[in-house]
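See below for the structure under consideration.
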Amino acid sequence: MDQQDKIRRIFLFGTVAMGVLIVGGLVWAVAMGPGEGGNTIDPNITFNDDLNPAVGPENAKVTVRIFSDFQCSACKIAEVALRQAESQYKDRVRFVWNDYPLTSLHANAMGAAVAARCAQEQNKFWEYSEKLFANQAVWEKLADPNPQFTALAKDLGLLDDKFALCLGKEQPKNKVKQDIAEGEGMGIEGTPTFFINRQRFSGAWDLVAWQKALDQALK
């Protein structure tokens, strides 16, 4: 092979590699940006918000229902802007959490959801959920994540015995399963998925996207 052929092959390889990077970047951008939107769901479907953690007025004109998974990396990214939106709009918008652990992909997602519900029993759901996302890399691959879940609860000053007892109960697990069944009934396939009133969206939105959507919904 002469020098010219070598140069041509290097150039061809570089062009293909660059194309792969560009396509990959576009896929990533679509996944991370504001995803599907404006899909009005069946009016016969009603949300069951009973016992779900929520912030904001009960009679708010706009309700955001989040279906999320504590072991989902995209959910962790989305959480930052979502919390900022909650802080800015909680006087006018109600935010309701729904558990949607993708158990076929994330082995410890169900356990994390149950642990957060146990924190909810002691009025620390939102604080505990922040810790779960912040420490996702620590517990997501553990064979038994419960000791780590208990350590996070201790960091928040939760009662050890009460929290440990709750982890073994069926009630919090059943509530998580109810959320899963509700999401499946609406055709949710991935996380994060959320509804602004009855419009479905997906993807890890930034704060600007949340502001635009919520301002429009509040009009």
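Couple of notes before you dig in:
- There is no residue in the stretch 184-197 that is modelled with pLDDT of 95 or more, more than 15 Å from Arg65 (Cα to Cα), under 18 Å from the mean Cα position of the chain (by Cα) and in the same structural domain as Ser73 (by TED's automatic domain parsing).
- Condition check for Tyr100: among the hydroxyl-bearing types (Ser, Thr, Tyr), crowded, with 22+ Cβ neighbours inside 10 Å and farther than 18 Å from Ala217 by Cβ: yes
- Residues being buried (at least 18 other Cβ atoms within 10 Å of the Cβ) and either within 15 Å of the chain's Cα centre (by Cα) or among the charged types (D, E, K, R) (or both) - total across the stretch 207-216: 1
- Evaluating Glu127 against the criteria (1) more than 24 Å from Ser87 (Cβ to Cβ); (2) surrounded by fewer than 20 Cβ atoms within 10 Å (Cβ to Cβ); (3) modelled with pLDDT of 95 or more leaves one unmet condition, (1).
- Helices (runs of 4 or more DSSP H) within the stretch 105-145 that include 1 or more residues farther than 19 Å from Lys175 by Cα and in contact with a helix residue (DSSP H, G or I) (Cβ under 7 Å, 6 or more places away or on another chain): 125-134, 136-139
- For the stretch 51-80, the tally of residues that are touching a residue at least 60 places away in the same chain (Cβ under 8 Å) and of a type in the set (D, E, K, R) stands at 4.
The values are calculated or read from the model by the stated rules, or taken from the named source; none is laboratory data. Since this is a predicted model, take the numbers as computed values, not measurements. Every residue, glycine among them, receives a Cβ derived from its backbone with ideal geometry; neighbour counts consider all protein chains shown.
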